[in-house]
Amino acid sequence: GCGRPAETATSPSLVDAQPTSYREASPQQYLAAVFDRYRNAASYHDRAVVRLSYREGGARQSKVAPLSVWLDHHQLYVEAYDVRLGSDPHSMMAWIHDETTDDFDSQVLVLPPVKGRPTATQLLADPILVQRIGAGLAGPPPQLDWLFSPEPMKHLFHADHEFEFVPSRSIDRRLCRCVRVNSGGDRYQFWVDQQAGIVRCVDLPAIVAPPIPGEPHQAIQLSLELTGASFSEPISKPDIQPLPAQAKHVRRFVPLPPIEPPGILGSRVSSFRLTDSRGRFTLSDRGADRVLTLVVRFCGDERSMA
């Protein structure tokens with residue numbers, strides 16, 4: 001499901017950019033060389049999203065969240081879930097786009113500029129920023145690790161992990177070579193554009209959904225779709241989302257006070273009476289004649305909400 005319109009800009013091929021013959025390279029060597037290109041790239045940009053896919057009622061469903069990175073020499077802009085982060089020679093700023101908390105109380109983190117090429121640690125030094133940018137199912141944007149870490153994806157290159165090539169396929173109308181990494185019980189698949197030497201898609205380890213009685217077992221699939229990924233110098237600035245209207249500049253994000261509990265807590269429920277489908281027991285506002293474990297699933301439809 002990673003197909004998107006083709007990229008028009010071209011980059012030197014991985015074979016041309018590296019001295020090793022990649023027809024003979026092992027999967028581990030090939031993937032390490034790909035990440036080495038990121039670590040040395042002066043420019044990079046994408047329109048990446050993380051996609052969560054699952055089945056509900058026999059139909060395929062999916063949800064996406066932004067996980068994009070724009071880099072041009074010493075200018076950087078990141079959109080990761082509800083976090084927005086920008087860095088240039090003048091300052092580093094981060095803010096949170098979240099209507100439920102009034103954009104995290106309109107706080108805007110403003111820090112001194114990072115000299116030279118930043119590290120992932122410098123970019124993500126604030127504890128709340130780290131928490132928010134890592135709160136999504138795919139974690140922080142891995143592009144930041146590829147671009148700014150001295151040893152990109154270090155945790156993958158473990159002696160006990162297995163690397164293998166799997167059959168190639170087309171993504172964004174570009175032929176992509178796939179390196180599969182079996183990391184303990186997790187499996188990653190990196191789809192690399194054979195011509196541009198850039199990652200077009202990453203299949204992340206699946207999430208095992210909690211079992212639901214009467215429904216078949218399923219896994220929730222996660223993939224990072226790096227649409228428009230390119231090492232070419234960008235021809236335009238990123239589309240930066242505006243700061244909160246009443247921005248409050250801070251040197252450190254201040255935690256928000258806990259949400260007040262709803263007033264309904266502690267009150268008695270209205271009269272009701274429910275009997276299970278087999279007529280074995282009855283549950284009412286007065287209780288039940290035995291200890292029960294009640295599992296409730298909310299789907300978001302009108303019946304569930306009622």
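Against the compact-protein benchmark of 2.2 N^0.38 Å, the Cα-based radius of gyration of the range 216-306 scales to 2.07.
Using R₀ = 25 Å, calculate the FRET efficiency as 1/(1 + (r/R₀)^6) where r is the Cβ-Cβ separation of V130 and T100; round to 0.05. It comes out at approximately 0.80. Across all directions, the shadow cast by the convex hull of the chain built on its C-alpha atoms averages 21.5 square nanometres.
Within the same chain, aspartates and glutamates fewer than 8 places from K154 are excluded, and of the rest, those with a Cα less than 20 Å from its Cα are D36, D145, E162, E164, D186, D203.
Carbon-plus-sulfur accessible fraction, the chain (probe radius 1.4 Å, protein heavy atoms only): 53%.
Segment F298..R39, full-extension length gain: 88.8 nm, with 0.36 nm per residue of separation and the alpha-carbon distance subtracted. When peptides 271-280, 104-113, 27-36, 164-173 are ranked by their average number of other Cβ atoms within 10 Å per residue, the highest-first order is 27-36, 104-113, 164-173, 271-280. Per residue, the chain exposes 60 Å² of solvent-accessible protein surface, assessed with a 1.4 angstrom probe and all protein chains in place. Once the C-beta distance of I240 and I264 is scaled by a Förster radius of 35 Å, the resulting FRET efficiency is 0.25 to the nearest 0.05.
The values are calculated or read from the model by the stated rules, or taken from the named source; none is laboratory data. Keep in mind the model is a prediction, meaning the values are calculated, not measured. Heads up, the Cβs are rebuilt from the backbone with ideal geometry, glycines too, and the neighbour counts pull from every protein chain shown. To get the accessible areas, we keep the full protein, side chains included, count just its heavy atoms, and leave off ligands, DNA and RNA. Shrake-Rupley method; radii C 1.70, N 1.55, O 1.52, S 1.80 Å.
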